[in-house]
Amino acid sequence: MFRKIRIFLEMIKIEHTLFALPFAFMGAILGSMVVNNTFPSWMQIMWVLLAMVGARSAAFGLNRIIDQAIDAKNPRTAMRAIPAGLLKNGEVIIFIIISFILLFWASSNLNVLSMQLLPIAVFMLVLYSYTKRFTWLCHVVLGMTIGLAPLGGWVAVTGTMDWTAIVLYVTIVFWTAGFDIIYACQDLEFDQGEGLHSIPSRFGLVKSLQIAKFFHVITAIGFLALLLMTDLSWWYGAGMLITYGILLYEHYIVSPNDMSRVQTAFFTMNSVLSLVVFTFTFIDLAVK
């Protein structure tokens, strides 16, 4: 049983929770302070956490089911649980159903707007895995999906949506799309050979890294806009200086001539970035 649990956790890349979960919590606490002038309750945070667990677990399960034939052909992904025979399709489908039930249950315990927006979230979770088959904008679609984490956190505790929430959403959309382009550079030749769509397979390595940089410039502007649109102050500003340094370093360690540190740029740097942004936002709001 423990071996099977470990395989499921590996399938959903539990360590990648560090990308989206801190931003979901950031959306919740920032939204609650902006709209309600108070921190969210522990119960609200619990439901946000459960909704996140359900959403990302369902998303990864769907991706693995939908992409299993592609994963089996790609040497980088051939040892994933389904193509490697470690999990059966039926097991993963049951896992997806349970994950969606968890998402629906958590959302129903939040507010009306959360339930009204839930079909959009489910649609995005399903859509992303198909986009590489027809558009090189798949990275932006992934960003639009992961960006629902902070937006969902905001809506979960406020029951409203305003321009600040939208700016936060757009900021995370382009942050995600940027680092996903860097990650996708690993599969450039495979995607071209299989007729799959991505920015690297469409524009090549050099232009793709330039596009990723441009997307992260938008991210930097978005974080600055949040400082100007809210009561966030110097603690958040200090965190932003660290965040900008992380983004610069992420692009410094990858280049068309040296892609050996893609994993560091993709996982390590972006995990640190999300934790830094959340931590300094939390400190800023807590000391007021």
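The values are calculated or read from the model by the stated rules, or taken from the named source; none is laboratory data. On a predicted model such as this, the values are computed, not experimentally measured, just so you know. Glycine gets a Cβ as well: all are built from the backbone with ideal geometry, and neighbour counts include every protein chain shown. Surface accessibility is based on the protein's heavy atoms, side chains included, excluding ligands, DNA and RNA. Shrake-Rupley method; radii C 1.70, N 1.55, O 1.52, S 1.80 Å.
Each row is one residue, and each column tells you yes or no for (1) surrounded by fewer than 23 Cβ atoms within 10 Å (Cβ to Cβ); (2) modelled with pLDDT of 95 or more; (3) of a type in the set (D, E, K, R).
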position: Trp163; (1), (2), (3): yes, yes, no
position: Val167; (1), (2), (3): yes, yes, no
position: Ile172; (1), (2), (3): no, yes, no
position: Ala177; (1), (2), (3): no, yes, no
position: Ile181; (1), (2), (3): no, yes, no
position: Gln186; (1), (2), (3): yes, no, no
position: Ile199; (1), (2), (3): no, yes, no
position: Arg202; (1), (2), (3): yes, yes, yes
position: Lys207; (1), (2), (3): yes, yes, yes
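Of all residues in the stretch 128-140, which are at pLDDT 95 or above and open to solvent by 20 Å² or more (accessible area, probe 1.4 Å)? Within the stretch 128-140, Tyr130, Lys132, Arg133, Phe134, Thr135, Trp136, Leu137, Val140 meet the criteria.
Could you tell me which of the residues Leu117, Leu102 is more than 22 Å from Ile70 (Cα to Cα), surrounded by fewer than 20 Cβ atoms within 10 Å (Cβ to Cβ) and at pLDDT below 95? Spell out how you get there, then give the answer.
Details: Leu102 fails: at pLDDT below 95.
One residue alone meets the criteria, Leu117.
Helices (runs of 4 or more DSSP H) fully within the stretch 195-288 that include at least 2 residues being closer than 28 Å to Val34 by Cβ and touching a residue at least 60 places away in the same chain (Cβ under 8 Å): 199-229, 269-286.
Taken residue by residue, the stretch 32-44 has at least one member that is in a helix (DSSP H, G or I), open to solvent by less than 30 Å² (accessible area, probe 1.4 Å) and modelled with pLDDT of 95 or more. The single condition among (1) open to solvent by 40 Å² or more (accessible area, probe 1.4 Å); (2) closer than 25 Å to Gly143 by Cα; (3) in contact with a helix residue (DSSP H, G or I) (Cβ under 7 Å, 6 or more places away or on another chain); (4) among the aliphatic types (A, V, I, L, M) that Ala69 does not meet is (3). Among residues belonging to the stretch 74-99 that are in contact with an Asp or Glu (Cβ under 8 Å, 6 or more places away or on another chain) and among the charged types (D, E, K, R), point out the one that is most open to solvent (accessible area, probe 1.4 Å). Once the filter is applied, the top-ranked residue is Arg76. Sub-6 Å Cβ pairs linking a first residue in the stretch 157-172 that is touching a residue at least 60 places away in the same chain (Cβ under 8 Å) to a second residue that is part of a loop (DSSP other than H, G, I, E, B) and open to solvent by 10 Å² or more (accessible area, probe 1.4 Å), at least 6 apart or interchain, are Val157/Pro40, ordered by first then second residue.
When the residues of the stretch 244-288 are filtered to those that are farther than 24 Å from Tyr169 by Cβ and within 18 Å of the chain's Cα centre (by Cα), the one that is least open to solvent (accessible area, probe 1.4 Å) is Val262.
Have a look at Ile96, Ile101, Ile70, Ile65 and point out the one that is touching a residue at least 24 places away in the same chain (Cβ under 8 Å), in a helix (DSSP H, G or I) and over 21 Å from the mean Cα position of the chain (by Cα). Write out each step before concluding.
Numbers: Ile96 fails: over 21 Å from the mean Cα position of the chain (by Cα); Ile101 fails: over 21 Å from the mean Cα position of the chain (by Cα); Ile65 fails: over 21 Å from the mean Cα position of the chain (by Cα).
That would be Ile70, the only listed residue that is touching a residue at least 24 places away in the same chain (Cβ under 8 Å), in a helix (DSSP H, G or I) and over 21 Å from the mean Cα position of the chain (by Cα).
Scanning the stretch 229-245 finds no residues that are touching a Pro at 6+ places or on another chain (Cβ under 7 Å) and modelled with pLDDT of 95 or more. Selection of the stretch 1-24 for residues being open to solvent by 40 Å² or more (accessible area, probe 1.4 Å) and either in a helix (DSSP H, G or I) or basic (Lys, Arg) (or both) yields Phe2, Arg3, Lys4, Ile5, Arg6, Leu9, Glu10, Lys13, Ile14, Glu15, Leu18.
Apart from one condition, Ala55 fits all of (1) in contact with a helix residue (DSSP H, G or I) (Cβ under 8 Å, 6 or more places away or on another chain); (2) modelled with pLDDT of 95 or more; (3) not aromatic (Phe, Trp, Tyr); the exception is (2).
This table checks each residue for (1) touching a Phe, Trp or Tyr at 6+ places or on another chain (Cβ under 8 Å); (2) hydrophobic (A, V, I, L, M, F, W, C); (3) within 17 Å of Asn63 (Cα to Cα).
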| position | (1), (2), (3) |
| --- | --- |
| Arg80 | no, no, yes |
| Val92 | no, yes, yes |
| Ser114 | no, no, no |
| Ala121 | no, yes, yes |
